[in-house]
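Below: one structure, written as structure tokens.
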Amino acid sequence: MSTNPHRTHLARVDGPTEPIPVVTAAVARRASTPTAALLGLGSLALAGAWLIAAPFLLGYHGLGDQRPGAAWTDSTRVDVSLGAAILAVSVAALLGYLASAVTWLARYRQAE
């Protein structure tokens, strides 16, 4: 007997056997798009990119700031490494959502 709930099974009755559809399986419905989560991940990616770029775009204003052409200061190293980590996590999450959406489409797409 098949374990797939989308298939029909044969039931024994007096007389010939006929396929009886199994109606317990629900039709797969696509969940609504998590707009807030996607916007949050996009904002997080932008924040990470800003942390990477800010020491070089804001210019030199005082002690500890990055001077043009100079070796990186400690605060620049921290900003760039933290920004890269935040950007990497948010891009990985966005790619994970994309992979999940593509998998869902490949599994449950409807014939047109």
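The values are calculated or read from the model by the stated rules, or taken from the named source; none is laboratory data. Here the structure is a predicted model, which means the values were calculated and not measured. Please note: Cβ atoms are built from the backbone with ideal geometry, for glycine as well, and neighbour counts cover all protein chains shown. Note: accessible area is taken over every heavy atom of the protein model, side chains too, but ligands, DNA and RNA are not part of it. Shrake-Rupley method; radii C 1.70, N 1.55, O 1.52, S 1.80 Å.
Summary table below
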item	result
Theoretical FRET efficiency, 1/(1+(r/R0)^6), r = Cβ-Cβ of Ala71 and Val91, R0 25 Å, to 0.05	0.30
Whole-percent carbon and sulfur share, accessible surface of the range 53-110, 1.4 Å	67 percent
